[in-house]
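Derivation of every value follows stated rules applied to the coordinates shown; laboratory data play no part. If you're wondering where the values come from, they're calculated on a predicted model, not measured in any experiment. No Cβ is skipped: glycine too gets one built from the backbone with ideal geometry, and neighbour counts run over all protein chains shown.
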Amino acid sequence: MPRILTKCPQTARTVPTVLRMREAAFEALSGSHAFRCPACNDIHHWEKGDAWLEGSPVVAAGAVGAPGAAVAA
């Protein structure tokens, strides 16, 4: 089952949240969710628009390190 990924606002790195779910469950997800970030050890809050499923071609806008994200030259 794929992990839900988001962007750490402190480091701009792509990080996993504590959740894993199937695409159908992710699409139905609502509300705000919190997790302790493995990149900076702070607690972040995210919503579905800030996150994406691992391996998904669709990613949150500006997500550094996400599949399909722009790479700086």
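Once you list every other residue whose beta carbon is under 15 Å from the beta carbon of SER30, what net charge do they have if Lys and Arg are +1 and Asp and Glu are -1? Its environment carries a net charge of -2.
Note on TRP46, TRP52: ascending count of other Cβ atoms within 10 Å places them as TRP46, TRP52, the fewest first.
Taking label points 7 Å from Cα along the Cα-to-Cβ direction, HIS45 and THR11 give a separation of 2.3 nm.
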